[in-house]
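Okay, structure first, notes after.
The values are calculated or read from the model by the stated rules, or taken from the named source; none is laboratory data. Source: prediction; values computed, not measured. Positions of Cβ are generated from backbone atoms using ideal geometry, with glycine treated the same way; all protein chains shown enter the neighbour counts.
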Amino acid sequence: MSDDAASDRVSIDSDGSVTVTDDDSGYERPSGEPPRQAEPTEGFGWHGWVLVGVVFVAFLVVPAAILYLPAARGIVAALGLTLRDAYLVLPLVPAFVLGTVAVWSALRSRRS
């Protein structure tokens with residue numbers, strides 16, 4: 001088989017014989033133009049970096065903050081929260097932010 005196996009077309013006859021052809025005529029546009037390649041993009045852009053930042057905060061910063069909550073009882077109490085409240089609220093904040101960024105990203109990708 002050739003190196004460009006993805007463009008080969010395979011057909012199986014009624015007697016079980018296999019025929020491979022290099023005919024790409026089924027992939028032409030109605031106007032007769034050859035298919036165009038998508039232009040490569042230059043990295044993430046700022047949208048991708050927003051997503052990376054939110055994931056970084058959700059998976060590294062918040063778990064580290066949860067580990068140090070018992071040592072920060074004064075700060076938690078100054079906010080009017082108990083430790084139980086802080087353990088519940090702290091993971092919820094990045095969860096809501098991740099959900100918001102996921103919806104924003106999905107809507108943005110549908111527009112492009």
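Things worth noting here:
- Across region 28-48, the qualifying residues are those that are exposed (fewer than 12 other Cβ atoms within 10 Å of the Cβ) and part of a helix (DSSP H, G or I), and the one among them that is modelled with the lowest pLDDT is Gly45.
- Long-range neighbours under 9 Å by Cβ, at least six apart or interchain, first residue farther than 18 Å from Gly99 by Cβ and free of Cβ contacts under 8 Å to residues at least 12 places away in the same chain within region 56-79, second in a helix (DSSP H, G or I) and acidic (Asp, Glu): Val76/Asp85; Leu79/Asp85
Residue-by-condition table, conditions (1) at pLDDT 95 or above; (2) under 26 Å from Val50 (Cα atoms); (3) in a helix (DSSP H, G or I):
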site	(1), (2), (3)
Ala72	no, no, yes
Val76	no, no, yes
Leu81	no, no, no
Asp85	no, no, yes
Pro91	no, yes, yes
Val101	no, yes, yes
Trp104	no, yes, yes
Arg108	no, yes, yes
